[in-house]
């Protein structure tokens, strides 16, 4: 990865990086005393005095918009692939495998992504990821052009798996940018505005879902998969070109870090464990992903049974406005005095929504449930990000965010891989049989998708129970008390020299 042109060599002062990370002028490899941590501060790497907070905020907006375009592109192609595979095969195993493989690849690669974010300058990482994704999407287009469609849709042949893997790898590598984006919040945004910035990120994600779900449905229905790939290539190239023009002079050079190699699992784990309660925070946010695996495998099949592909894209786009509302609420009101409590309340309500939004096969109920569910997602994500940005020093933030992404993403493939074949071979046939339909009718009504609704109901109940039990744990009480004490006095990880 090539680095940017360095900014003028003005040093910034960097105070103590947070609990467990004493300040120092450079990384040291000296043994760590019990209860301590390596010295990781590098005050010469970041200089926030070069520009005003308003100028830095404008740069962050440019990076956020660019990342949004990149996310829109990969999600557009990702949604289109999911729609296309299900419509051509009518097999929920196929959609479950596609969704589960995506999350599994993210889980396996996120620690490496976080390691590279720590070792290299953030824009250099973003440029590498954008270029790599562009190459992979070009390969997918070439393969689609040269391979007969029947071969691509035959799950018993290697062509389906190779085509899927090429697109998924391109989409997964693009997620390296999201880890880098979280660290740019620390570099460019003042500490008292980071929760608002994280809410803005949630709003952008909502816009991404609106645009991609609508465009993907229309694209597959009206243009076909081939032209969909062409559109994705054009948008990826535009995002890459715009990224080459962005500058972030505050990052004078890559901060000195103790990250080693391309997969620093030991350093990632050490960074998480060095902050009291941080691992518990990651566990709390993982609750959301367990039920997310069920949605990943079955939400699109449920919607596509109820609507045409074009209409389903529009319906999901309408539901996705919930992301924008959730992000706007965070930007206006913040996350409260205890983000962990806010997170668990949101997770419990998400479980309730998942349990009831398919109790009857009513379009309005399904759309309303999706909308409310997506309102809550930014609260879960922003709570975790705000705490990490506040208590973890910048030279380790990439690995902490990468570890969190890996840990949380691993939850969804487990449920997706398990639930897709169970639903396809047992639950759905049972629900569509005369006996099953009669038994489920009092609880779930009548319709062709009662089997999927039964899965959603069970998953939602499990989610509610898990979140409520978490409130009763000693870990939750300790982490909550620790955060309340530390939040008002937590030091900045980046500061201005004047």
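The values are calculated or read from the model by the stated rules, or taken from the named source; none is laboratory data. Owing to the predicted nature of the structure, the values given are computational and were not obtained by experimental measurement. Using ideal geometry, Cβ is built from the backbone for each residue, glycine included, and neighbour counts are taken over all protein chains shown.
Of 129, 101, all but one fail to be modelled with pLDDT of 85 or more, more than 23 Å from residue 393 (Cα to Cα), under 16 Å from the mean Cα position of the chain (by Cα) and in a helix (DSSP H, G or I); the exception is 129. Would you point out which residue out of 123, 108 is in contact with a helix residue (DSSP H, G or I) (Cβ under 8 Å, 6 or more places away or on another chain), at negative phi, surrounded by fewer than 18 Cβ atoms within 10 Å (Cβ to Cβ) and assigned to a helix (DSSP H, G or I)? So the residue among 123, 108 that is in contact with a helix residue (DSSP H, G or I) (Cβ under 8 Å, 6 or more places away or on another chain), at negative phi, surrounded by fewer than 18 Cβ atoms within 10 Å (Cβ to Cβ) and assigned to a helix (DSSP H, G or I) is 108. Contact map, region 126-146: first residue free of Cβ contacts under 8 Å to residues at least 24 places away in the same chain, second residue assigned to a helix (DSSP H, G or I), Cβ cut-off under 9 Å, separation 6 or more or different chains; pairs are 143/152; 143/159; 143/162; 143/163; 143/166. As a summary of the residue check, residue 200 satisfies the conditions (1) under 30 Å from residue 263 (Cβ atoms); (2) out of contact with any strand residue (DSSP E or B) (no Cβ under 8 Å at 6 or more places or on another chain); (3) in a helix (DSSP H, G or I) except for the one numbered (1). Of everything in region 350-391 that is more than 25 Å from residue 331 (Cα to Cα) and either touching a strand residue (DSSP E or B) at 6+ places or on another chain (Cβ under 9 Å) or without any contact (Cβ under 8 Å) to a residue 60 or more places away in the chain (or both), the residue that is surrounded by the fewest Cβ atoms within 10 Å (Cβ to Cβ) is 364. Applying the criterion of being part of a loop (DSSP other than H, G, I, E, B) and surrounded by 15 or more Cβ atoms within 10 Å (Cβ to Cβ) to the residues of region 213-252, the residue that is modelled with the lowest pLDDT is 252.
From the list 385, 390, 397, the one residue that fits, being closer than 18 Å to residue 196 by Cα and over 13 Å from the mean Cα position of the chain (by Cα), is 390.
Every residue, every condition in (1) at pLDDT below 75; (2) closer than 28 Å to residue 172 by Cα, yes or no:
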| position | (1), (2) |
| --- | --- |
| 416 | yes, yes |
| 422 | no, yes |
| 433 | no, no |
| 462 | no, no |
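So for region 406-413 (the condition being surrounded by fewer than 24 Cβ atoms within 10 Å (Cβ to Cβ) and over 25 Å from residue 176 (Cβ atoms)), does at least one residue qualify? There is no residue in region 406-413 that is surrounded by fewer than 24 Cβ atoms within 10 Å (Cβ to Cβ) and over 25 Å from residue 176 (Cβ atoms). The number of residues in region 448-469 being touching a residue at least 12 places away in the same chain (Cβ under 8 Å), over 13 Å from residue 352 (Cα atoms) and surrounded by fewer than 21 Cβ atoms within 10 Å (Cβ to Cβ) comes to 2. Could you tell me which of the residues 6, 15, 38 is farther than 30 Å from residue 163 by Cβ, at pLDDT below 80 and surrounded by 16 or more Cβ atoms within 10 Å (Cβ to Cβ)? Exactly one of 6, 15, 38 is farther than 30 Å from residue 163 by Cβ, at pLDDT below 80 and surrounded by 16 or more Cβ atoms within 10 Å (Cβ to Cβ), namely 38.
When region 142-158 is filtered for residues that are in a helix (DSSP H, G or I) and buried (at least 16 other Cβ atoms within 10 Å of the Cβ), the ones remaining, listed by number, are 143, 144, 152. For region 163-183, indicate whether the set of residues that are over 24 Å from the mean Cα position of the chain (by Cα), surrounded by 17 or more Cβ atoms within 10 Å (Cβ to Cβ) and assigned to a helix (DSSP H, G or I) is non-empty. Checked region 163-183: no residue is over 24 Å from the mean Cα position of the chain (by Cα), surrounded by 17 or more Cβ atoms within 10 Å (Cβ to Cβ) and assigned to a helix (DSSP H, G or I).
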